[in-house]
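The values are calculated or read from the model by the stated rules, or taken from the named source; none is laboratory data. Given the structure is predicted, the values throughout are model-derived calculations rather than measurements. Here the Cβ positions follow ideal geometry from the backbone for every residue, glycine too, while neighbour counts run over all protein chains shown.
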Amino acid sequence: MTKRVLILATNGFEQSELMGPKKALENAGIETVVVSIEPGSIKGWKDKNWGDSVKVDATLDEVSAEDFDALLLPGGQMNPDILRMNDDAIDLINDFDDAGKTIAAICHAPWLMAEADILDGRTVTAWPSIHTDLANAGASVIDQEVVIDGNFITSRKPDDIPAFSQALIDALAD
């Protein structure tokens with residue numbers, strides 16, 4: 001059966017951190033579904049400007065963690081900051097964690113994991129400016145290309161996308 005990954009994002013996602021892993025997953029035969037808080041499309045952020053739009057496949061109220069094998073959280077500064085204020089987004093992250101399913105977050109996206117209160121006692125990495133936030137949420141934060149701790153896969157920045165994507169593909173192969 002084809003593996004399915006839910007990509008949770010909204011306007012202001014870091015374009016490379018959604019598009020790079022999405023392409024890698026699809027090239028590996030894994031289905032991706034872009035989910036957002038509103039229907040239509042969402043606009044990425046690229047090189048200090050608005051980037052390309054991505055079609056939203058489903059809204060938060062139309063999906064359930066039980067229908068997916070993993071959750072991908074792209075970064076960017078605006079995207080996770082908006083999503084962490086949405087109770088349905090946080091509930092969905094908790095549902096994936098409660099089910100022991102893989103949660104892959106890059107750059108600023110681990111902010112969402114902090115908001116979901118699932119970082120206590122876990123080891124993660126992220127963009128340097130949120131290290132204190134993650135530590136305050138109980139995580140041990142290290143500076144490494146990819147950190148895998150149980151069902152969590154985290155990375156720091158766009159340069160880490162190849163290793164981040166491969167770690168998610170490997171997790172889904174198990």
_Can you tell me which of (1) in a strand (DSSP E or B); (2) in contact with a Gly (Cβ under 9 Å, 6 or more places away or on another chain); (3) of a type outside the set (A, V, I, L, M, F, W, C) is the one S16 doesn't meet?_
(1)
*Please specify each residue of segment 17-55 satisfying the condition of being under 23 Å from M85 (Cα atoms), surrounded by 19 or more Cβ atoms within 10 Å (Cβ to Cβ) and polar (S, T, N, Q).*
S36
*Any chance you could count how many residues in segment 55-100 are under 20 Å from M1 (Cβ atoms), assigned to a loop (DSSP other than H, G, I, E, B) and under 14 Å from the mean Cα position of the chain (by Cα)?*
2
*One residue from I142, I118 being touching a strand residue (DSSP E or B) at 6+ places or on another chain (Cβ under 9 Å), among the β-branched types (V, I, T) and surrounded by 19 or more Cβ atoms within 10 Å (Cβ to Cβ)*: I118
_Residue check for E38: in contact (Cβ under 8 Å) with a residue 24 or more places away in the chain and not in a loop (DSSP other than H, G, I, E, B)_ = no
_If I ask for residues that are in contact with a Ser or Thr (Cβ under 8 Å, 6 or more places away or on another chain) and under 21 Å from S64 (Cα atoms), which ones from segment 30-47 would you list?_
I30, E31, V35, S36, I37, E38, P39, S41, I42
_Take K22 and tell me if it is at pLDDT below 95 and not hydrophobic (A, V, I, L, M, F, W, C)._
no
